[in-house]
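This report concerns only the one structure given below.
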Amino acid sequence: MQLVNYYFPRKFMTFVGGSASKNLPERVKIVEVGPRDGLQNEKTIVPAETKIHLIDMLSDSGLPVIEATSFVSPKWVPQMADQVEVMKGISRKPGVSYPVLTPNLKGFQAAVKAGATEVAIFGAASELFSKKNINCSVDESLQRFEEVMKAAKEANVPVRGYVSCVLGCPYEGKVAPGKVAHVAKRLYSMGCYEISLGDTIGVGTPGGMTEMLEAVSREVPVSALAVHCHDTYGQALANILIALQMGISVVDSSVAGLGGCPYAQGASGNVATEDVVYMMHGLGIHTGVDLSKLMDAGAFICRSLNRKTNSKVAQATCKL
Amino acid sequence: MGNIPTTVKHCLSYEQLIRDYPWLKRLLLEEKEIVPTGVKIQLIDMLSGTGLPVIEATSFVSSKWVPQMADHTDVLKGIQRAPHVQYPVLTPNMHGFQDAVAAGATEVAVFGSASETFSRKNINCSIEESMLRFEEVISAAKEHQIPVRGYVSCALGCPHEGYIEPSKVAEVAKRLYEMGCYEVSLGDTIGVGTPGSMAKMLRSVMEDVPSSALAVHCHDTYGQALANILIALQMGVCVVDSAVAGLGGCPYAQGSSGNVSTEDVLYMLHGMGIETGVDLAKVIEVGDFICNALCRKTNSRVAQARGRTSGHALL
C-alpha cells in the first residue's frame, strides 16, 4: 500500500539520531500519590493502620516523595478522615518527603499541627471544573490559596501546586494550553516550588501533551514541572514519554494504579507506578525505586482493598 | 532522525494469539472457545467497514495444531472483500501456501523468530531451517505474484532465552527482507520491551532494512505498547500491528494482556494528528461485537472509558 502525504509533524521530533535516551533526563523523581489521590478515589474505606503500613512499605521501596493524606473535611472525603492518625503513625524515612493536601488555611494549620513538613494545593485549568468542584472560579480559588502560601512561607513549609484538567475537562471539553500556562504561572509565582500538570480525565495524547507543555514551559521553568497522567484512555505512558523528551523529570503515579476515574465509572484512572518505573528503568533512567518492593506494596494494598491491581507489570509478573 | 508520518498504514490482526504455535492448544487462553465461522466472517466484514487497510484474516496451519483456524478456507471464501483492503493469511509452509492460494488468498505472511529456543520449541526447527522453509513459500509466492509479509517474533525478548541481541533481530529481519518480504513486522512477543530496548533494536534493524519496510507489533503485557509504538513512529516506522479490543492474551502470563488494542492505538495516532483512514467509533463497535460474541471484556482502555461515559474524550 502506498503511503500518501509523507509529511512529518516536526513538533514530535523531540529526539535525534534514533536514540530513545538522548534528550531524556538521567534521573526522574517519582511522586507516589497512591495513599492520597489513589485511596481517595477507592470506594472501600481503608483503616488507618493499613494506610500507615502501605506508606511504610512505599517508603521502603525507595520512592522519594509519597503523598500521605489530605487535610480536607472528612464530611467531603471520608477516606481521609484519619489524616492526623496517619500522619503521626507513619515511619518517616530520611530523605523522603510526605506532602499532604491542604485545600485551605484551616487544613494547613491542622496539617502542620499533625507534623506535615510539605503541603500541596490544587488549581484547575477549567472554569467549569473549578465551579463544579469547589464552587468558585479559578481566580477565586487561587486567592484562597494565597492565605495558605503565606502561612506556609512563614512556617518554612514548601508547597507543591497541582493544575487539573490540563489536557481536557469533563465539562468544557478542550482546555486551551494558554489557560493551563496561566494557572501554572500563577501557582509558581505565588511560591509553589513545583507544579504538577494533571490530565484529570486521561483524555490527553502525546499531541495535546506536547502543545500544553510548550505553552507552560514558556511561563514556568521545565525543572519546576511535573506530569500527572491518568490512564483512562491508555495514553499515560506515551504521554509521560513525550513529557520526558521535553525535559520533564518529575512524574506522579499511583501504586497499583489505585484510584479510578470518577468521571468514567469502572475505567482506570491514575497510571500505575509499577508500569512507570518499568518504563523508566528500561530507558536507563534512575528512579531510586526497587520495583519488586514496590510491587509488594501494590499487592498488599490490593489485598486490603479486595481488588485487582491496575498495573500491567504487576499482572504480568505474578503469572509468569 | 525521528519522523512521525501523518499517514500510518494500519495492519490489524485479529485473534493474534492463534498462530502456528503448537503449544497454544495446551495452554489456557482467554479465547479458548472455538469461535464459529459465521462470527469470524462477520468480524472481518465489520472491520472492513472501518477503514482499516489490512486485516489478517486467518491462518493456513494444520487444524491439529490450531483448531481455532480449522475453518480457514470457509472464512477466506466467506468474507466480503472491500476494495483497497488487503486480507493476508499466515502460511507456515508450502502446504499451507497452496491451500491458501486455492482458497483465494492474495497476500500471505511467514513467521521467523529472533530466538533459537523459541523457534525450536514452537515450530520444532532452528531459525535457519525455518528460513529455508520460507524460501520455498516466497519463491512460490513470487510465481503467483503474491506479496509476502515477514514477521520476526521475540524482537525485544524471549520467554525462554530472555534478552535478545538487537543484531540477531536485524539478521533475521534482513534475511526475510532479502528473501522477498515486502514488509517485516517486528514483534515484541511477550511485551517486555520498553522504548529503550525498542529504540536499540530498531537502530540495529534499520542498518539493514529501510524503515519504510518495517512494522512494529507490540504486546501490551507490561503496559509499554503505546510508548513503544510512539518511539517507533519517531524513528520512522509507519506501520503498526494491533488487535481490535486487544484480543489475544499473553500465553506466557495467564490472564495478562497481550496484543495492543487497535482502539487505543488509533486514539493516540489521531490525537497526534496522524492520519490512519480508520473510523475509531466504528472500531469500538466492532470491539463490542466480538467481545459480546466471546463473552469477555474488552482490553481496550478507550473502549472501556467510552462505554462508561457520555464520551467526554476530545477525539
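The values are calculated or read from the model by the stated rules, or taken from the named source; none is laboratory data. Since the model is a prediction, treat every value here as computed from it, not as a measurement. Counting neighbours? That spans all protein chains shown, and the Cβs are built from the backbone with ideal geometry, glycine included.
Tabulated values for the structure
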quantity: Those residues of segment A:218-238 which are touching a residue at least 12 places away in the same chain (Cβ under 8 Å), within 16 Å of A:Pro25 (Cα to Cα) and more than 9 Å from every other protein chain (Cβ to nearest Cβ), in sequence order; calculated: A:Val222, A:Ser223, A:Ala224, A:Leu225, A:Ala226, A:Val227
quantity: Unmet requirement for B:Glu263, which otherwise passes all of (1) in a loop (DSSP other than H, G, I, E, B); (2) in contact with a helix residue (DSSP H, G or I) (Cβ under 8 Å, 6 or more places away or on another chain); calculated: (1)
quantity: Listing of helices (runs of 4 or more DSSP H) fully contained in segment B:126-208 that carry 2 or more residues being among the β-branched types (Val, Ile, Thr) and touching a strand residue (DSSP E or B) at 6+ places or on another chain (Cβ under 8 Å); calculated: B:127-143, B:166-179
quantity: Selected residue [at negative phi and within 7 Å of chain A (Cβ to nearest Cβ)] from B:Leu226, B:Leu266; calculated: B:Leu226
quantity: So A:Val157, is it crowded, with 22+ Cβ neighbours inside 10 Å and either in contact with a Pro (Cβ under 8 Å, 6 or more places away or on another chain) or outside any strand (DSSP E or B) (or both); calculated: no
quantity: In segment A:199-212, the residues that are more than 8 Å from every other protein chain (Cβ to nearest Cβ) and within 16 Å of A:His230 (Cβ to Cβ); calculated: A:Asp199, A:Thr200, A:Met209, A:Met212
quantity: Residue in segment A:180-190 that is hydroxyl-bearing (Ser, Thr, Tyr) and at pLDDT 95 or above present; calculated: yes
quantity: Sole exception among (1) crowded, with 19+ Cβ neighbours inside 10 Å; (2) at pLDDT 95 or above; (3) within 14 Å of chain B (Cβ to nearest Cβ); (4) over 14 Å from the mean Cα position of the chain (by Cα) for A:Gly284, by number; calculated: (1)
quantity: Residue match in segment A:184-191 (condition: without any contact (Cβ under 8 Å) to a residue 40 or more places away in the chain, over 16 Å from the mean Cα position of the chain (by Cα) and within 8 Å of another protein chain (Cβ to nearest Cβ)); calculated: no
quantity: From the options B:Gly187, B:Gly180, residue that is away from chain A (no Cβ under 14 Å), within 27 Å of B:Val108 (Cβ to Cβ) and surrounded by fewer than 24 Cβ atoms within 10 Å (Cβ to Cβ); calculated: B:Gly180
quantity: Conditions (1) closer than 21 Å to B:Ala243 by Cβ; (2) among the hydroxyl-bearing types (Ser, Thr, Tyr); (3) crowded, with 23+ Cβ neighbours inside 10 Å; number of the one not met by B:Ser119; calculated: (1)
quantity: Residue list for segment A:224-267, filter: farther than 20 Å from A:Glu67 by Cα and polar (S, T, N, Q); calculated: A:Thr232, A:Gln235, A:Asn239, A:Gln245, A:Gln265
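Listed here are the residues, each with its yes/no results for (1) closer than 22 Å to B:Ile190 by Cα; (2) within 20 Å of the chain's Cα centre (by Cα).
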position: A:His228; (1), (2): no, yes
position: A:Met246; (1), (2): no, yes
position: A:Gly260; (1), (2): no, yes
position: A:Asn270; (1), (2): no, yes
position: A:Glu274; (1), (2): yes, yes
position: A:Met279; (1), (2): yes, yes
position: A:Gln315; (1), (2): yes, no
position: A:Cys318; (1), (2): yes, no
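Residue-wise test of (1) among the acidic types (Asp, Glu); (2) within 16 Å of the chain's Cα centre (by Cα); (3) at pLDDT 95 or above.
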position	(1), (2), (3)
B:Gly38	no, no, yes
B:Met46	no, no, yes
B:Val54	no, yes, yes
B:Ala82	no, no, yes
B:Phe118	no, no, no
